[in-house]
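Visitor: To start, I am sharing the structure in question, which I have written as structure tokens.
The values are calculated or read from the model by the stated rules, or taken from the named source; none is laboratory data. Predicted model, so just to flag it, every value in this text is computed and none were measured. Cβ placement follows ideal geometry from the backbone for every residue including glycine, while neighbour counts extend to all protein chains displayed. Note: accessible area is taken over every heavy atom of the protein model, side chains too, but ligands, DNA and RNA are not part of it. Shrake-Rupley method; radii C 1.70, N 1.55, O 1.52, S 1.80 Å.
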Amino acid sequence: MKLPTHHIMDGDPTIYRDTWSFYLVFNSPKFGNMFFKKGAWEPLDNLD
């Protein structure tokens, strides 16, 4: 990856997948393993 990078994007994520879903695991030097799960999209203006 080109420098500078964000600490989460230091390397490629590991992808774990199931039949209809998946999640990504990023290894961050600041926070350790960070998990991101596929979910339904929501508009940002609906978050309170």
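Visitor: Using heavy-atom solvent-accessible surface (probe 1.4 Å) with all chains present, what is the largest-first order of Y16, Y23?
Guide: On the way: Y16 115, Y23 90 Å².
Descending accessible area places them as Y16, Y23.
Visitor: Please report the net charge: other residues with Cβ closer than 11 Å to the Cβ of N27, K and R +1, D and E -1. Intermediate results must be reported in sequence, preceding the final value.
Guide: Details: positive: K30; negative: D10, D12.
Taking every Cβ under 11 Å from that of N27, the sum is -1.
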